[in-house]
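The structure appears right after this line, and notes come after that.
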Amino acid sequence: MKQTAIVWFRNDLRLHDHEPLVRAIADGYQILPVFIWEDRWQHQSPNGFLRMGFHRRRFLSESVHDLKRGLTKLNSNLMYVSGSPVRVLTDLISQYRVSALYFYRSPLHEEQADEQALIDSLGSTLSICRFWGQSLIHPNDLPVPPDQLPDQYTAFRELVLGKVPIRQMEEMPSTIPTIDTPYWGFIPESRTAARTRLTGGMTAACHRVDDWVWRGDYLKSYKETRNGLTGMDYSSKFSPWMALGCLSARQIEFTISRYEKERGENDSTRWMRYELLWRDFFFFMAMKHQTRLFRLTGLKGRPVKPDLNPELLTSWVTGNTGIPLIDSAMRELAATGYMSNRMRQVTASFLVHDLKQDWRAGAEWFEAQLIDYDACSNYGNWQYIAGVGNDPRPDRVFNVMKQAREYDGKGEFVFKWIPEARHLEGSMIHDPASWKLIPNYPPPVVVIAE
């Protein structure tokens, strides 16, 4: 009789390019695929927000269901359990007489603590096989150890771009030898309606890649359209699926390479590759700096003294600051769990530099709401805007009115999320004198520069 190995699915909810799964099968084990809905996801952040709001729960639930369907097609299944990872895995290992545990490692201190606890308590009784798989570049292939990487993105990019080989993708198994058990657990269905067309799971992810890159040919002009605010195709929208590992970074990289061979390299293909490296950069900075990623003083250890005003924070969270561009973005986030990259920067800058609030409160709200939440990128970007992270400039301030006129000159984005303002003509929406003409709209909570 074959020995049993658990393959623990974490932020890697896919069957293609999945090294732990491929290695466990190659090593001759029968597989027990496991997903753990972690208790801490429903804990509150220091500022009182749920760590995982309903948009993130919906997208994650859809992704887990899709993974289970994919496993079923390969003659397997998915064990779904709620609780603490260490407790759940310890119980399963005992119950099913497991000989080995395979999973992808995390760069984050909370998850690393779980990994170390498993090693400390079980490492002498079973084989624990850990892999790196969230980044495009494997940490072992870097020209220097992660703790010696430069703290600025440009220097990092110059160090690795075109100089570090990208490892080949793993093939998806054709079948998975799986243990026989009568109980696999019940995955709750998400009943939350959201004003977004993005559906969780590797199936939807692969369809999106095909539709956006190949059928729509939107990659061709991505550099020109990436700062859009409305619509589905101004950007790839790959990030939600990458955050949960429904898509691997290597799959996107090899798709770009194939596109360049078949349809030509241009500024847009190069720009998307730069953004994959931005994602890697924040991943490696989390590995390097650990808990400093979450500290008020940031990676730089820079002293900051925010003005802790709960009313201002609430106005920002609820989209009631009286600044139409800001409120539209925050209402979009609340309704869909998504916000464009441009508006993430603008709303973050507004909270930190105009409202003078603690950047960590904003990061926590984004953590709760964004379906593409990734701790490394989220907290890394917030520190960047707050001037305590990787930005070589001390204070990166976005002028809200300039951003409004440049990226929403006709008011299309604002009118979508503040429909009561549609009686105003186009650019009038970005004239502060017109805001008092919007019915039942709050006055600005702060005077902003024109």
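Going through the stretch 1-32 one residue at a time, which ones are within 15 Å of Ile128 (Cα to Cα), part of a strand (DSSP E or B) and not β-branched (Val, Ile, Thr)?
Passing the criteria: Ala5, Trp8, Phe9, Leu32.
Within the stretch 132-149, restricting attention to residues that are under 18 Å from Cys376 (Cβ atoms) and among the hydrophobic types (A, V, I, L, M, F, W, C), which residue is surrounded by the most Cβ atoms within 10 Å (Cβ to Cβ)?
Ile137
Does any residue of the stretch 208-224 turn out to be part of a loop (DSSP other than H, G, I, E, B), farther than 28 Å from Trp417 by Cβ, at pLDDT 95 or above and more than 17 Å from the chain's Cα centre (by Cα)?
Restricting attention to the stretch 208-224, the residues satisfying the condition of being part of a loop (DSSP other than H, G, I, E, B) are 216-217.
After this cut, where a residue has to be farther than 28 Å from Trp417 by Cβ as well, the list is 217.
Among the residues that remain, those that are also at pLDDT 95 or above are: 217.
So of that shortlist, the ones also more than 17 Å from the chain's Cα centre (by Cα) come out as 217.
Checked the stretch 208-224: at least one residue is part of a loop (DSSP other than H, G, I, E, B), farther than 28 Å from Trp417 by Cβ, at pLDDT 95 or above and more than 17 Å from the chain's Cα centre (by Cα).
Among the residues of the stretch 33-87, write down those that are under 20 Å from the mean Cα position of the chain (by Cα) and in a loop (DSSP other than H, G, I, E, B). Outline the logic, then answer.
The initial filter retains those residues of the stretch 33-87 that are under 20 Å from the mean Cα position of the chain (by Cα), namely 35-45, 49-67.
Across the stretch 33-87, the qualifying residues are His43, Ser45, Phe49, Arg51, Met52, Gly53.
Please indicate, with yes or no, whether at least one residue in the stretch 235-256 is without any contact (Cβ under 8 Å) to a residue 12 or more places away in the chain and either surrounded by fewer than 20 Cβ atoms within 10 Å (Cβ to Cβ) or within 20 Å of Arg167 (Cα to Cα) (or both). Let's see the steps before the verdict.
Filtering the stretch 235-256 down to residues without any contact (Cβ under 8 Å) to a residue 12 or more places away in the chain leaves none.
No, there is no match, as no residue in the stretch 235-256 is without any contact (Cβ under 8 Å) to a residue 12 or more places away in the chain and either surrounded by fewer than 20 Cβ atoms within 10 Å (Cβ to Cβ) or within 20 Å of Arg167 (Cα to Cα) (or both).
Residues that are in a helix (DSSP H, G or I) and over 21 Å from the mean Cα position of the chain (by Cα): does the stretch 247-256 have at least one? Let's see the steps before the verdict.
Within the stretch 247-256, the first condition is being in a helix (DSSP H, G or I), and the residues that meet it are 249-256.
With the extra rule that they be over 21 Å from the mean Cα position of the chain (by Cα), the set shrinks to none.
Scanning the stretch 247-256 turns up no residue that is in a helix (DSSP H, G or I) and over 21 Å from the mean Cα position of the chain (by Cα).
Would it be correct to say that Ile326 is of a type outside the set (S, T, N, Q), buried (at least 22 other Cβ atoms within 10 Å of the Cβ) and either in the same structural domain as Ser235 (by TED's automatic domain parsing) or outside any helix (DSSP H, G or I) (or both)? Let's see the steps before the verdict.
Working: of a type outside the set (S, T, N, Q): yes; buried (at least 22 other Cβ atoms within 10 Å of the Cβ): yes; either in the same structural domain as Ser235 (by TED's automatic domain parsing) or outside any helix (DSSP H, G or I) (or both): no.
Taking the combined requirement at face value, the residue does not satisfy it.
What are the residue pairs meeting all of these: first residue in the stretch 131-152, first residue over 20 Å from Phe254 (Cα atoms), second residue exposed (fewer than 12 other Cβ atoms within 10 Å of the Cβ), Cβ atoms under 8 Å, and 6 or more apart or on different chains?
Pro143/Lys163; Gln152/Pro392
Cβ-Cβ under 6 Å, sequence separation 6+ or interchain: first residue in the stretch 356-374 and assigned to a loop (DSSP other than H, G, I, E, B), partner acidic (Asp, Glu). Which pairs?
Lys356/Asp307; Tyr373/Glu367
Hey, among Gly411, Gly426, Gly362, which residue is out of contact with any Cys (no Cβ under 8 Å at 6 or more places or on another chain), in the same structural domain as Gln345 (by TED's automatic domain parsing) and within 25 Å of Lys288 (Cβ to Cβ)?
Gly362
The values are calculated or read from the model by the stated rules, or taken from the named source; none is laboratory data. Nothing here was measured: the structure is a model prediction, and the numbers come from that model. Neighbour counts run over all protein chains shown; Cβ positions are idealised from the backbone, glycine included.
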